[in-house]
Amino acid sequence: MRLYGIRGATGAENTKESVTANVIEMCTKLFADNKVKAEDIVSIQFTVTSDLNVMNPAAALRRGGDCGIDVSNVPLFCSQEPEIAGSPEKMIRILLTVYLPENSSVSHVYINGGEKLRPDFAKKN
């Protein structure tokens, strides 16, 4: 097994329903595409732009329902994305730190407007 960092991003509207739905969609895709098991996750870190202030993405994942695996014992953390002029608004980013088999080919997930952050990764989705 080797330690990997898998990234992603999704856009959302500033409602609890939108944040929850988009976080669950992004995480479900990340977990499924990379065959992630809960016991292999070291941690999940989220960043969120300041214009999304109704719900913490970590809480959205924890409370949001089925994302394909049980994340109840996974360490989750969230912080605010730095405000940089010209950066995309209403974005949630993720860094999934996970053990996967050596030589795994990871799939990063950029959806719902997140594609503009890393079009090179988004093309592969």
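The values are calculated or read from the model by the stated rules, or taken from the named source; none is laboratory data. Predicted, not measured: the structure shown is a model, and the values here were computed from it. All Cβ positions, even for glycine, are placed from backbone atoms using ideal geometry, and neighbour counts span all protein chains on display. The protein model used for the area step is the full one, side chains on, heavy atoms only, and it has no ligands, DNA or RNA in it. Shrake-Rupley method; radii C 1.70, N 1.55, O 1.52, S 1.80 Å.
Within segment 36-61, which residues are in a helix (DSSP H, G or I) and more than 18 Å from GLU81 (Cβ to Cβ)?
ALA38, GLU39, ASP40 - these are the residues of segment 36-61 that are in a helix (DSSP H, G or I) and more than 18 Å from GLU81 (Cβ to Cβ).
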message = Checking the conditions here, which among ILE69, ILE84, ILE41 is of a type in the set (Val, Ile, Thr) and modelled with pLDDT under 95?
response = ILE84
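Test ALA85 against the criterion of being more than 28 Å from ARG2 (Cβ to Cβ) and part of a helix (DSSP H, G or I), and give yes or no.
Working: more than 28 Å from ARG2 (Cβ to Cβ): yes; part of a helix (DSSP H, G or I): no.
Criteria not met by ALA85.
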ask   = Regarding GLU39, is this residue open to solvent by 20 Å² or more (accessible area, probe 1.4 Å) and free of Cβ contacts under 8 Å to residues at least 40 places away in the same chain?
value = yes
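Tell me, yes or no, whether segment 48-63 has at least one residue that is open to solvent by less than 60 Å² (accessible area, probe 1.4 Å), of a type in the set (A, V, I, L, M, F, W, C), closer than 18 Å to LEU96 by Cβ and touching a Ser or Thr at 6+ places or on another chain (Cβ under 7 Å).
yes
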query = For segment 15-33, does any single residue satisfy the condition of being assigned to a strand (DSSP E or B) and exposed (fewer than 14 other Cβ atoms within 10 Å of the Cβ)?
reply = no
message = Six or more apart or on different chains, Cβ atoms under 9 Å: show the pairs whose first residue is in segment 92-108 and farther than 12 Å from ASN34 by Cα and basic (Lys, Arg) and whose second is in a strand (DSSP E or B) and open to solvent by less than 70 Å² (accessible area, probe 1.4 Å).
response = ARG93/GLY8; ARG93/ALA9; ARG93/THR10; ARG93/PHE46; ARG93/THR47; ARG93/VAL48
ask   = Residues GLU115, GLU102: which one is surrounded by 14 or more Cβ atoms within 10 Å (Cβ to Cβ) and acidic (Asp, Glu)?
value = GLU115
ask   = Restricting segment 71-82 to residues that are within 23 Å of ARG2 (Cβ to Cβ) and assigned to a loop (DSSP other than H, G, I, E, B), which is most open to solvent (accessible area, probe 1.4 Å)?
value = ASN73
message = Looking at segment 49-90 only, could you name the residues that are hydroxyl-bearing (Ser, Thr, Tyr) and farther than 15 Å from PHE31 by Cβ?
response = THR49, SER50, SER79, SER87
note = Restricting attention to segment 27-49, the residues that are farther than 12 Å from VAL74 by Cα, hydroxyl-bearing (Ser, Thr, Tyr) and in contact with a strand residue (DSSP E or B) (Cβ under 6 Å, 6 or more places away or on another chain) number exactly 2
